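See below for the structure under consideration.
The values are calculated or read from the model by the stated rules, or taken from the named source; none is laboratory data. Keep in mind it's a predicted model, so treat the numbers as computed, not measured. Don't worry about glycine lacking a Cβ; one is built from the backbone with ideal geometry, like all the others, and counts go over all protein chains shown. Ligands, DNA and RNA are excluded from the accessible area calculation, which covers all protein heavy atoms including side chains. Shrake-Rupley method; radii C 1.70, N 1.55, O 1.52, S 1.80 Å.
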Amino acid sequence: MAERTLLVGPGWLGGPTAERLAAAGHRVWTLHRSGGTAPRGCVAVPGDVTTAATDPVTLTALPPAVEHLVVCVAPSSARGDSYAIYPAAARGAQALAAALGVRHVVYVSSTGIYDRHDGSEVSESVPIAPTNPRVQALLDAEQAIASAASDRVRVDIVRAAGLYGPGRDPADRFARGAVPPDTWCNFSWRDDVAEAIRHLLTQPAASSVHVFNCTDGHPVQAAAIRQALTGSARSRHEVAGADGPGTAGRSSQRIRTDALQATGWQPSVPTVFDGLRRLGHTLPGLAATVS
């Protein structure tokens, strides 16, 4: 019998993930606040994950038992969400997992939780020491979802970095020198993260919490990306440390992905340069970045 999966947050990442799971043979329900059309092959259920476990209308629309719960929730600027949505959604997901008898939870988090600014290598074992509200919210959310683990429930936390792909193109901000040139950047092609989620759902459902970084495994400095796109590593108008409104505190770190790759997952887009080509960019300066 097809495994039943509930995906919370079928947006830019969650929607394609739900479709991938349906294509792989899962029976997929999607839960989202805004309602709307279901991803291909899925059943859409309107509802808010923060209250779903105690909402009889939502629970009636869902199957009484679900094997897998996938959570892809991010703040919505249109709704005026703050970072508090992360722990609120995680707490709701934990309660929903208990209500539906879920045995495997995959929760998408962010490598921004490490918050390193010195270009150091970062693995899943690096201590988390929040210094700002976003990192604190990410940590609170991970701790909340981890509480869903038991002797019969496995929790996988997927820390993604630099999500990009169709409809989300990072080229412009690098081409115009908006990211400080010495910044170490990490990237995750959207469909590779979706495949990582599908892959993890095939892993043995042994109890405990597993944390995986999910990137292409090839950190690149911003100057190299600009060089590839324009033939010049620096802009004459570049202001060191500036990246426009709302991006203060950008991390500079090199994310390791050994743990996820050890499970058998590999990225189909191995570097950001391959991804930029997929998005239609020519890279006239690429040879200079790898010489």
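First measure r as the distance between the Cβ atoms of Ala98 and Ser34, then evaluate 1/(1 + (r/R0)^6) with R0 = 25 Å and state the FRET efficiency to the nearest 0.05.
E between Ala98 and Ser34, to the nearest 0.05, is 0.50.
Using a ≥ b ≥ c from the Cα gyration tensor of the range 58-128 (square roots of the eigenvalues), is it rounded, prolate or oblate, where a/c under 1.5 gives rounded and otherwise the larger of a/b and b/c decides, a/b for prolate?
Values: a/c = 3.47, a/b = 1.69, b/c = 2.05.
Oblate is the answer for the range 58-128, as a/c is 1.5 or above yet b/c matches or exceeds a/b.
State the antiparallel share, in %, of DSSP beta bridges confined to the chain, rounding to the nearest 5.
Approximately 10 percent, going by the DSSP bridge assignments.
Work out how much length Trp12 to Asp151 would gain on full extension: take 0.36 nm times their residue separation and subtract the Cα-Cα distance, in nm to one decimal. Before the final figure, lay out the partial values.
Details: separation 139, 0.36 × 139 = 50.04 nm, distance 3.29 nm.
Gain in length upon complete extension: 46.7 nm.
Put one equal scatterer on each alpha carbon of the chain, apply the Debye formula with no solvent term, and list log10 I(q)/I(0) at q = 0.08 1/Å to two decimals.
At q = 0.08 Å⁻¹ the computed log10 ratios are -0.35.
Mind jotting down the three principal axis lengths of the range 29-78 based on Cα atoms? Whole angstrom, largest first.
Principal axes ranked by extent give 33, 27, 18 Å for the Cα atoms.
Evaluated at 4 °C with a viscosity of 1.567 mPa s, what Stokes-Einstein diffusion coefficient in µm²/s does the range 1-52 have when Rh comes from the Kirkwood expression over alpha-carbon pairs? Intermediate values should be presented prior to the final figure.
On the way: Rh = 10.7 Å.
Taking Rh from Cα pairs, D becomes 121 µm²/s.
Please give the length that would be gained between Gln261 and Ala23 if that part of the chain were fully extended, namely 0.36 nm times their separation in residues minus their C-alpha to C-alpha distance (nm, one decimal).
That works out to 83.4 nm of additional length.
Taking the Cα centroid of the range 2-17 and of the range 115-180, what is the distance between the two, rounded to the nearest whole Å?
The range 2-17 and the range 115-180 have Cα centres separated by 20 Å.
Taking a temperature of 10 °C and a viscosity of 1.306 mPa s, what whole-number D in µm²/s does Stokes-Einstein yield for the range 145-198 with Rh from Kirkwood over alpha carbon pairs?
The estimated diffusion coefficient comes to 115 µm²/s.
What 222 nm value per residue comes from the helices of the chain, counting each DSSP H run with n ≥ 4 as -39,500 (n - 2.57) and dividing by all residues, nearest 500 deg cm²/dmol?
Details: 10 runs with 88 residues, N = 291.
Counting only the DSSP helices, I get -8500 deg cm²/dmol.
Under 20 Å from a label point 7 Å along Cα→Cβ of Ala84: give me every residue in the range 37-68 with its amide N that close.
Of the residues in the range 37-68, 48-54 have backbone N under 20 Å from the label point off Ala84.
For the range 135-206, give the percent of accessible area contributed by carbon and sulfur heavy atoms, probe 1.4 Å, rounded to a whole number.
On the way: 1170 of 2460 Å².
Roughly 48 percent of what the probe reaches on the range 135-206 is carbon or sulfur.
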